[in-house]
1. Go over the candidates VAL151, VAL200, VAL159 one by one and state the one that is out of contact with any Ser or Thr (no Cβ under 7 Å at 6 or more places or on another chain), within 16 Å of the ligand (Cβ to nearest atom) and either touching a residue at least 12 places away in the same chain (Cβ under 8 Å) or farther than 27 Å from VAL59 by Cβ (or both).
2. Assuming PHE42 fulfils every condition listed in (1) of a type in the set (Phe, Trp, Tyr); (2) farther than 30 Å from LEU213 by Cα; (3) away from the ligand (no atom under 16 Å from the Cβ) apart from one, which condition is it?
3. Taking the stretch 229-269 as the region of interest, how many residues are open to solvent by 10 Å² or more (accessible area, probe 1.4 Å), more than 30 Å from SER192 (Cα to Cα) and of a type in the set (Ser, Thr, Tyr)?
4. With ASP378, ASP408 as the choices, which residue is open to solvent by 60 Å² or more (accessible area, probe 1.4 Å) and in a helix (DSSP H, G or I)?
5. So how many residues does the stretch 46-65 have that are within 14 Å of SER261 (Cβ to Cβ), buried (at least 24 other Cβ atoms within 10 Å of the Cβ) and either of a type in the set (Ser, Thr, Tyr) or more than 16 Å from the chain's Cα centre (by Cα) (or both)?
6. Under the condition of being small (Gly, Ala, Ser) and more than 12 Å from ASP257 (Cα to Cα), which residue from the stretch 3-29 is nearest to the ligand (Cβ to nearest atom)?
7. Based on this model, can you work out whether GLY304 counts as away from the ligand (no atom under 16 Å from the Cβ), open to solvent by less than 10 Å² (accessible area, probe 1.4 Å) and farther than 30 Å from PHE330 by Cα?
8. With (1) part of a helix (DSSP H, G or I); (2) surrounded by fewer than 19 Cβ atoms within 10 Å (Cβ to Cβ) as the list, and VAL160 as the residue in question, which single condition is left unmet?
Amino acid sequence: MGKRGSWASRLGFYLVAIGSACGLGNLWRFPYVVGENGGGAFVLLYVLLVLLLGIPLLVGELMLGKSTGKSILTALGSLSYKGKPIFRVLGRISVLLCLLVLSYYTVISGWVLHFAIQFFISALGVHQASELSTLNILLRNGILQAGLASVHLLFCIVVVLKGVQEGLERFIGWTVPVFGVLVVLLVAKSLSLASAPNAVRFLLYPDFSKLALSSLGQAVGQVLFTLSLGFGTMVTFGSYMTHEHIPTASFRVATIDTIISLVAGLLIFPIALQASNTPLSDSGILFEVLPKFLLEMPGGVIFGFGFFLCLYLASLGASIGLLEVIVSNFVDRSRVDRGRATWLAGFVTLVLAFIPALSGMLMQRLKLGQRGVLESVDSLIINWILPLIALGLCFAITAGMQQKVKEDLFVNMEKVESEVLFSHWQWTLKWFIPSVISLGLFLQVVHAIKLFLEINSH
Ligand code: PHE
């Protein structure tokens, strides 16, 4: 595959794909979105959508990458269909989205890094645990936020610079297992808290009356975001694939990612419930209530360090995935070499990240409706733009990829079920996913109108 590189081993692909999928989306976003949408019923909806929407689309993205050997911009541009210019626009929006998401992901990763360092110092006994600075102090210090974001991005740049095998595969190859072990240890501790039974009930008992009109759209968005779909990430990872069977690989990656999300719920809900007495429904709880609570818990400093380290490893893997996508698209489309492309992409991301970092408290205080600016951007991208991109991708894969190419990549003689599943997969991409996404978006519009009318009538 020439200078583009490929995975050294099957395991390499799995580790990097899982490393990219399991990120702040699982550990930070999933719990609070579940909290906002009332718990168990939303979790059930989410799991169903992973199976019926996430996996088929993941198969499609990987196929697009593997069949063309290119990243999303070039891959979509090479499809044979008269609507090609639309596909090109779709590719550009995806890459732009990567840049935007990476920039605010970098700022939040900086917060995580900050708390990990603080807990580490406290664990060493260098300063009093109670001196741990809160999120508010951090938000007021724009320079500190910008510094932390820069350090985080530098880590990502160093890994991406080294290339697919030496960088991504080797580095994420050790972060993912460490992350896995840490999560298991932390969950064991979390489930020993007195609030655990209530938290587990909230997470797993489906009470459908708690679902809101916007829940379907939010579940679609969460599934797409957590599986890194719609950003071209999986197209890039597919382009480095050699002989893995795509549907099997997609099923495994999605299953592990979903397990991690559920485990994250089991880890965070008991603590949030114990600490604040309300099921978590605010994106800030992880950084506000949790650190304070952990400091008062016996052994909480060590737990806190383990927790934020775990969170940091997850956000690092996801950020590296995002940066890799920007770089691989850049390299595919221009004569720029990987090194320069990486530095340039890193620089542009950092400049964008400085906007939320340096605006400090302003972003937090400024509210759009009930949400802060960062949350509103996050919600706009994940609940509205990503589903629209997914719609476009379904169409591109259905109408633009040749039937023979899809069949060859899907059907594997050693896996008899793949032949039967092939037509179901096509049907799902053509009819089911577009219908669910359209319904989700429609209900979100109705929900937004209702909210608007309610606010105006007060
Ligand atoms: N899937 C990651 C998460 O859940 C986010 C991500 C999106 C990473 C797109 C890479 C590409 O946090």
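1. VAL159
2. For PHE42, the exception is condition (2).
3. Going through the stretch 229-269 one residue at a time, the tally reaches 2.
4. Values: ASP378 fails: open to solvent by 60 Å² or more (accessible area, probe 1.4 Å).
On inspection, the qualifying residue turns out to be ASP408.
5. Filtering the stretch 46-65 for residues within 14 Å of SER261 (Cβ to Cβ) gives 46-51, 54.
With buried (at least 24 other Cβ atoms within 10 Å of the Cβ) added as a condition, the list becomes 46, 54.
Next cut, either of a type in the set (Ser, Thr, Tyr) or more than 16 Å from the chain's Cα centre (by Cα) (or both) only: 46.
The total comes to 1.
6. Checked the stretch 3-29; the qualifying residue nearest to the ligand (Cβ to nearest atom) is GLY12.
7. So GLY304 fits the description; yes.
8. The number of the failed condition is (2).
The values are calculated or read from the model by the stated rules, or taken from the named source; none is laboratory data. Quantities reported herein were computed from a predicted structural model and do not represent experimental measurements. Please note: Cβ atoms are built from the backbone with ideal geometry, for glycine as well, and neighbour counts cover all protein chains shown. For accessibility, only protein heavy atoms count, side chains too; no ligands or nucleic acids. Shrake-Rupley method; radii C 1.70, N 1.55, O 1.52, S 1.80 Å.
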